[in-house]
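Below is one structure, written out as structure tokens; the observations come after it.
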Amino acid sequence: MYVFNREAYEKRMEWYKDARFGMFIHWGLYSIPARGEWVRSTEEMPKEEYMKYFEEFNPTDYDPKQWAKAAKDAGMKYVVLTAKHHDGFCLYDSQYTDFKSTNTKCGRDLVAEFVEAVRAEGLKVGLYFTLLDWYHDDYPHYGDKIHPMRNNENYKNDSRNFDNYLTYMHNQIREICTNYGKLDVLWFDFSYDDMRGEKWKAAELIQMVRSLQPDVIIDNRLEVSGEGYGSLASGNPTPYHGDFVSPEQMIPPNGIQDVNGNDIAWEACVTMNNNWGFCAVDHYFKPASMLIKKLVECVSKGGNMLLNVGPDARGRIPEKSMEILSVIGKWMRDNSESIYGCGKAGIDKPEFGRVTRNGNRLYFHLYENSIGPVPLLGIKKEEVEAIRYLATGAEVPVSTSWVHSDYPDIVFADLGPDPILPDEIDTVLEVVLKE
Ligand code: GLC
């Protein structure tokens, strides 16, 4: 019987919980049609038609060093790349298929170059691997919920051997876990309908993964998808339970707790626009200021944020995404101490923003100013050792003004005469509490 080892779990999760901020990269053949990574499914496109992208694929500008540098400069600590997405195309040299980058014009093992570049920047390496496969003959076609041929009657009476598919999928995951050095994150995607858990032979799969990559952190999607918490939260972990919950395109309102009310690890994966894979007409980018506040929100609720970019057919991260990353990076250079190693503050969310915490340091994130000094609710005057602007280290005095005399228990931080906050996105005050 499987016994969950909490100690080993907490240990492998340490770096991940400290990191708080990572980059997700969705990239593959679908960057050529440029209508998102689901294009083959949404347009119910036959395999033969999709093959033209395979014939064409030649990302001459692919330079993972630049991707890794962009992530590092933005303050991200780990990067997760789609080694294989639902279309079945492998960005690596799998010996079990011909449908791989080394067989395209580019002829390169893109994953090998990626892991090297990311490690060279001192970042943790993650690979995304989908459990689905729209290319493999033994994956369910007709009648499946999402396969491109789900409605095509020509595929109705085919016989398919799902066990063959599972052998293939397990073999490919073994390759990923064997040929690319130490992996820090393995990001499986995703379970649906009865396609979950043991249907994937998940216990066997995880046993193999853990024997090859003992410390790798694995998401919860062998059990669920962007919805659903998984068995770690249920208090009865399966052998293939995820190490973290993976809410998609949303930030859980109250963080995530298990059945006993204890906070558990989670990571919100979020797109910059409305697509994971490159989409030429999707210009609906979230402003950098908003994404910074969403990162702070995740941390203040005890979670991570995995922010996505979708490089184009030439292998470049879209310019708009690069601009956003650079604004985030500028803010992180001043304020990352309020992110890394931080979590819930244990005090109520203030009117003006949010609070994160690392030990005896509280970080008050100010999104708007108050009239006069800022009330830091939730802390007592006698607890306060120092208040500083995090960005400069400059002292912030506690107000002694007569206008606050009716509020003797409240700490009012006196920011001085300027009503405009020094950082118009998020000005962080570091409050050091006496130990
Ligand atoms: C969804 C989509 C997929 C994407 C993933 C990221 O499950 O199927 O395209 O890779 O979300 O979380």
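Quick rundown of the values:
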item	result
Verdict on Leu377 being in contact with a Pro (Cβ under 8 Å, 6 or more places away or on another chain) and open to solvent by 40 Å² or more (accessible area, probe 1.4 Å)	yes
Filter result (closer than 18 Å to Glu351 by Cβ, out of contact with any Phe, Trp or Tyr (no Cβ under 6 Å at 6 or more places or on another chain), not in a strand (DSSP E or B) and not hydroxyl-bearing (Ser, Thr, Tyr)) within segment 404-413	Asp409, Ile410
Conditions (1) free of Cβ contacts under 8 Å to residues at least 60 places away in the same chain; (2) closer than 22 Å to Tyr78 by Cβ; (3) among the β-branched types (Val, Ile, Thr); number of the one not met by Thr392	(2)
Condition met for Leu110 (in contact with a Ser or Thr (Cβ under 8 Å, 6 or more places away or on another chain) and either open to solvent by 10 Å² or more (accessible area, probe 1.4 Å) or under 30 Å from Trp15 (Cα atoms) (or both))	yes
Residues (open to solvent by 20 Å² or more (accessible area, probe 1.4 Å) and in contact with a His (Cβ under 9 Å, 6 or more places away or on another chain)) located in segment 270-296	Asn275, Trp276, Phe278, Lys293
Every pair of residues 6+ apart whose Cβ atoms lie under 9 Å, when the first sits in segment 340-352 and is of a type in the set (Ser, Thr, Tyr) while the second is buried (at least 16 other Cβ atoms within 10 Å of the Cβ) and in a loop (DSSP other than H, G, I, E, B)	Tyr340/Arg20; Tyr340/Gly75; Tyr340/Lys77
Conditions (1) in contact with a helix residue (DSSP H, G or I) (Cβ under 8 Å, 6 or more places away or on another chain); (2) more than 16 Å from the ligand (Cβ to nearest atom); (3) over 30 Å from Ser101 (Cα atoms); (4) open to solvent by 20 Å² or more (accessible area, probe 1.4 Å); number of the one not met by Asp215	(3)
Tally, over segment 20-61, of residues that are part of a helix (DSSP H, G or I), within 15 Å of the ligand (Cβ to nearest atom) and open to solvent by less than 10 Å² (accessible area, probe 1.4 Å)	6
Residue within segment 268-275 that is in contact (Cβ under 8 Å) with a residue 40 or more places away in the chain and away from the ligand (no atom under 16 Å from the Cβ) present	no
Boolean, Ser225 is among the polar types (S, T, N, Q), within 15 Å of the ligand (Cβ to nearest atom) and either touching a His at 6+ places or on another chain (Cβ under 8 Å) or open to solvent by 10 Å² or more (accessible area, probe 1.4 Å) (or both)	yes
Any chance Val327 is at negative phi, part of a helix (DSSP H, G or I), at pLDDT 95 or above and open to solvent by 20 Å² or more (accessible area, probe 1.4 Å)	yes
Positions within segment 86-129 being small (Gly, Ala, Ser), within 26 Å of Asn164 (Cβ to Cβ) and assigned to a loop (DSSP other than H, G, I, E, B), in sequence order	Gly88, Ser94
Among the residues listed as Glu248, Glu267, the single one being crowded, with 20+ Cβ neighbours inside 10 Å, under 16 Å from His26 (Cβ atoms), modelled with pLDDT of 95 or more and among the charged types (D, E, K, R)	Glu267
Verdict on Ala83 being at pLDDT 95 or above, over 14 Å from Arg316 (Cβ atoms) and assigned to a helix (DSSP H, G or I)	no
Segment 110-149: number of residues that are among the aromatic types (Phe, Trp, Tyr) and more than 16 Å from the ligand (Cβ to nearest atom)	2
Positions within segment 167-195 being touching a helix residue (DSSP H, G or I) at 6+ places or on another chain (Cβ under 9 Å), surrounded by 19 or more Cβ atoms within 10 Å (Cβ to Cβ) and not polar (S, T, N, Q), in sequence order	Met169, Ile173, Ile176, Cys177, Tyr180, Leu183, Asp184, Val185, Leu186, Phe188
Complete set of residues in segment 190-212 that are part of a helix (DSSP H, G or I) and within 16 Å of the ligand (Cβ to nearest atom)	Trp200
Answer from Tyr78, Tyr92, Tyr53 - the residue that is touching a residue at least 12 places away in the same chain (Cβ under 8 Å), farther than 17 Å from Ala313 by Cα and of a type in the set (Phe, Trp, Tyr)	Tyr78
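The values are calculated or read from the model by the stated rules, or taken from the named source; none is laboratory data. Treat the numbers as computed from the prediction; the structure is a model and nothing was measured. Ideal geometry is used to build each Cβ from the backbone, glycine not excepted, and the neighbour counts take in all protein chains shown. Just so you know, the surface numbers come from the protein's heavy atoms only, side chains and all, with ligands and any DNA or RNA stripped out. Shrake-Rupley method; radii C 1.70, N 1.55, O 1.52, S 1.80 Å.
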